[in-house]
Structure formats: structure tokens, C-alpha cells
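The values are calculated or read from the model by the stated rules, or taken from the named source; none is laboratory data. Everything quoted here is computed from the prediction, not taken from an experiment. All Cβ positions, glycine included, derive from the backbone under ideal geometry; neighbour counts span all protein chains shown. Note: areas computed on protein heavy atoms with side chains; ligands, DNA, RNA excluded. Shrake-Rupley method; radii C 1.70, N 1.55, O 1.52, S 1.80 Å.
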Amino acid sequence: MESKIDCKMQWKGIKEGDISSLFRLYELLFTHLLNFGVKYSADMDLSRDLVNEIFMEVWDKHQTLPEVENVQSYLLSYVKRKVARHYYHDELRQKAIHAQQDELHELSYEEFIVNIQSEQHLRSRLKTALQKLTPKQKELVQLKFFDDLSYVEIAERTSLTVKTAYNTIYDALKILKKEMK
């Protein structure tokens with residue numbers, strides 16, 4: 001019971017910007033969160049990485065953290081979502097890799113070379129198009145499409161409004177679309 005109260009006090013300290021509260025909460029909950037992650041992922045290294053990621057995200061969002069009655073339960077749910085999201089994205093990557101490998105096995109040598117050259121040309125065009133974006137647009141595109149964050153999460157992470165994040169990404173996509181034609 002005392003640990004629940006201690007966790008809540010540390011959470012409050014984190015919200016107020018006290019980094020020592022983050023370290024104390026980490027000490028209190030790391031092992032429990034790690035074991036919980038291993039239970040769902042069956043992977044100690046992955047669980048360790050995800051739990052560490054969670055604490056970094058908690059600190060990154062410390063000014064906008066919600067009021068939480070049971071910090072341990074909140075963070076256990078966070079671990080569970082992180083594990084599920086990891087395996088969902090991993091499954092998508094694996095499907096894409098298998099589809100690409102199947103496609104490559106069916107191609108003749110000449111077709112294979114043409115595909116590689118086409119991909120290199122496309123990468124070059126994309127790199128040129130990305131250089132047309134502002135640093136803020138690049139950052140938000142990265143968060144949205146590569147880190148798979150929602151507009152609300154992007155707004156929290158970058159201290160922008162949701163509308164500004166949306167509009168910035170929309171403008172960036174217009175530029176990319178124009179440049180890729």
C-alpha cells in the first residue's frame with residue numbers, strides 16, 4: 001500500500017518536473033514492469049527496451065501527464081500497449097519483407113536490375129523532395145509516419161496544438177506530392 005502512495009507521490013513530482021521523482025519511480029516499478037512485459041512478449045531484451053522507452057516518454061510528456069489514481073496499473077497498461085504495438089508493427093514488416101522476397105524470386109535477372117534501378121531513382125527523388133521540407137515539417141512527418149504517433153501524441157511531444165500539427169503535416173504532404181510527380 002505504501003508503494004502505491006509512494007508511486008503516486010513520484011508521479012506528482014514528475015508532473016512538476018522533478019527528475020529525481022522519475023528515477024525513484026523507475027526504481028520502484030522497473031522490475032515489476034519488466035516482468036510484466038516478459039509475460040506478454042516472452043522477450044527479456046524487448047521488454048527492457050520498451051520499459052526504458054516508457055520512462056523516457058513519461059519524462060518527455062511530464063508537463064501533460066494525466067492525473068492517475070494507480071500509477072502502477074497505468075504503467076502496466078502502457079507496457080501491454082507497447083508490446084502489442086511492437087508486435088503489430090513487426091508483423092506488418094514481416095509481411096512486407098515476405099511479399100518483397102516472393103516478388104524478387106519470381107523476377108528474371110533483367111527485371112531484378114530494373115527494379116533496383118527504379119527503387120534507387122525513387123529514393124533519390126524522395127530524398128530531394130524531403131530536402132524541400134522545413135526542419136519542423138520533417139520532424140512531424142517522422143513522428144506521424146515512421147513513429148506512428150497520433151496527432152494528439154505529436155502535439156503533446158512537440159508542444160504544438162493538434163490543429164497546428166495536422167496543418168504542418170498536411171502542408172508537408174502537399175510539398176512531397178508535388179515534388180514526387
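Solvent-accessible area assigned to carbon and sulfur over the stretch 1-74 amounts to 53 percent, based on a 1.4 Å probe. With Cα atoms as the point set, the stretch 16-79 shows a radius of gyration and Dmax of 11.6, 35 Å.
Can you order the peptides 121-131, 53-63 by their average number of other Cβ atoms within 10 Å per residue, highest first? All intermediate terms of the calculation are to be shown ahead of the outcome.
Details: 121-131: 11.7, 53-63: 15.4.
Those peptides, ordered most packed to least, come out 53-63, 121-131.
When its C-alpha radius of gyration is set against 2.2 N^0.38 Å (N residues), the stretch 1-53 gives a value of 1.23. Shape class for the stretch 120-181: prolate, because the ratio a/c of the largest to smallest gyration tensor axis (alpha-carbon atoms, square roots of eigenvalues) is 1.5 or more and a/b beats b/c. Using 32 Å as the Cα-Cα cut-off, could you pick out the over-long pairs in Lys82/Lys127; Lys132/Lys163; Lys144/Lys181; Lys15/Lys178? Among Lys82/Lys127; Lys132/Lys163; Lys144/Lys181; Lys15/Lys178, the Cα-Cα distance tops 32 Å for Lys15/Lys178.
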